[in-house]
1. Would you kindly enumerate the cysteines in the chain that have no other Cys beta-carbon under 4.7 Å from their beta-carbon?
2. Fewest to most neighbouring Cβ within 10 Å: what's the order for M463, M170, M268?
3. Run the reach check for K114 against lysines, Cα to Cα strictly under 18 Å, same-chain hits fewer than 8 apart removed. What comes back?
4. If you average the sequence gap of Cα pairs under 8 Å that are 6 or more apart and divide by the length of the chain, what percent do you get for the contact order?
5. Counting other Cβ atoms within 10 Å of each Cβ, which GluC sites (Glu not before Pro) in segment 55-147 have at most 16 and sit in a DSSP loop?
6. How would you order 153-161, 203-211 from highest to lowest mean count of nearby Cβ atoms within 10 Å?
7. Among the aspartates and glutamates, which fall within straight-line cross-link reach of K35, defined as a Cα-Cα distance under 12 Å, with same-chain neighbours fewer than 8 residues apart omitted?
8. Roughly what would the spin-label model give for A319 and V110, points 7 Å off Cα along C-beta, in nm?
Amino acid sequence: MPINYDDNTYEVIRNQDRCINCRVCERQCANLVHKYSEYYGRMTSDCISCVDCQRCVSLCPTKALKIIKNPNSYRDNANWNEAAIKSVYKQAGSGGVLLSSMGTPEAYPVYWDKILINASQVTNPSIDPLREPMETRIALGKRPQNIVRDGNGNIVNTVKNSLFLNVPIMFSAMSYGSISYNAHKSLAIAAEKLGIFYNTGEGGLHRDFYKYGKNTIVQVASGRFGVFKDFLNAGAAVEIKMGQGAKPGIGGHLPGEKIGEDVSRTRMIPQGVDAISPAPHHDIYSIEDLRQLVYSLKEATNYKKPVIVKIAAVHNVAAIASGVARSGADIIAIDGFRGGTGAAPTRIRDNVGIPIELALASVDQRLREEGIRNEISLVAGGSIRNSADIVKAIALGADAVYIATGALLALGCHLCRSCHLGKCNWGIATQNPDLVKRLNPETGSERLVNLITAWTHEIEEMMGGMGINSIEALKGNRLMLRGVGMTQKELDILGIFHAGE
Ligand code: SF4
Ligand code: SF4
């Protein structure tokens, strides 16, 4: 009898008194957990394949199901915890690198939760956003050095090639292939309605989505999947992906199971074969090389579109950003190590990089010290979870933020972290046509619009509370922040005082 080392993490509990054998769960579970047994005359479960996506639980008409953590735990200890033991079993069986999805679940500090926001009282009154105008619009790109006026004294707009956003929030890069057609469509429609941008990621742009171009950022990554002249000109900005927070130092990985006919056509790669983009761009080994690519992309787009360079938050991120600011790029996007991914080696995701809060603060500080902060905009991403995180990011120096996991949650994601398997029961991280159609892009985009609208109201309230009426006045305004439960070193890097100071 072979020993079973399978990962039996979840257990499906079915209340037989409530179950009416309607077989909805069987139809809804792409992992084939539920099955009707003619022999027993009732539903049965193969719990080993359950990823706890909660689809069957949500759709069971009699609420007969619940998924629990399997109480049969390994005999772990402080050193060898359950995850460490299971990893060894898996790798001893497969001989392969462990892959994971979404951001790291490890308990690293979340600095957003150690930062508190100020409010005005008495001498510096707060502003009521329901009665007074609040400015949430921003422009991303280079700022002019001087104010220029025409002969009549009117200010002349010398800002070129900026991205204008109604709110300082954008949907971060998620490629067609890692997420579904309907997920992409939801993001595109929502970005258009909100007056913001979504990002193609490294998967090219499906022909159907060219019509959303003015709200699209097209991405050029090391694999150059789907990159050609029409693609570059289809978007409002071009992003060069040098790094990603969840997997700094390595390339992208889209498993072959997710590369069907449509994805293969869009990416211009063969069907069914893993798409692995190289770790470096093979034409970039210095800031001068990066500058060449920045200007090649500007040339290809007639110098009409801003170029974003996306980097992962790593130890020397401030020095890297300082170089990028001199490459001719208009915007730097910094991706923190808690950021999500469709697929990344587990060890890299959980051990490489630094938190976005520290990276953002040190980059903003370095660019200010060098007198070049105005030359470039900063976009922060990598685990922005709510409107308060956004306010804190902007006060730490960001011009805007990227969100991705938050957007997927709005679409129905239940964070089962199984995107790399291609069987997302919510129709988001899958290319299986039967699963894709579970996500209605009209409903999806509506939920995204609701989320960003709600966050915008909250941002306005928090700004009003601080006595601030524009995002511009909040930007880099670290006096509005105080830290709790941090060391002096952490406070120094964040450039904020401790609460009570
Ligand atoms: S994988 Fe999802 S749908 Fe399938 S049994 Fe588990 S929770 Fe239910
Ligand atoms: S996108 Fe789908 S597969 Fe990925 S974590 Fe969310 S629910 Fe799970």
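1. C19, C22, C29, C47, C50, C60, C413, C419, C424
2. Values: M463 26, M170 29, M268 13.
Going from sparsest to densest Cβ surroundings: M268, M463, M170.
3. Within reach: K392, K489.
4. Relative contact order for the chain comes out at 19 percent.
5. Details: sites: E82, E106, E135; in loops: E106.
Qualifying residues, ordered by number: E106.
6. Numbers: 153-161: 10.7, 203-211: 19.6.
By packing density, highest mean first, the sequence is 203-211, 153-161.
7. The qualifying aspartates and glutamates are E26, D46.
8. Modelled inter-label distance: 3.2 nm.
Quick note: the coordinates plus some simple rules give every number you see, no bench work behind them. Quick caveat: nothing in here was measured; it's all calculated off a predicted structure. Neighbour counts are summed over all protein chains in view; Cβ atoms, including those assigned to glycine, are modelled from backbone coordinates with ideal geometry.
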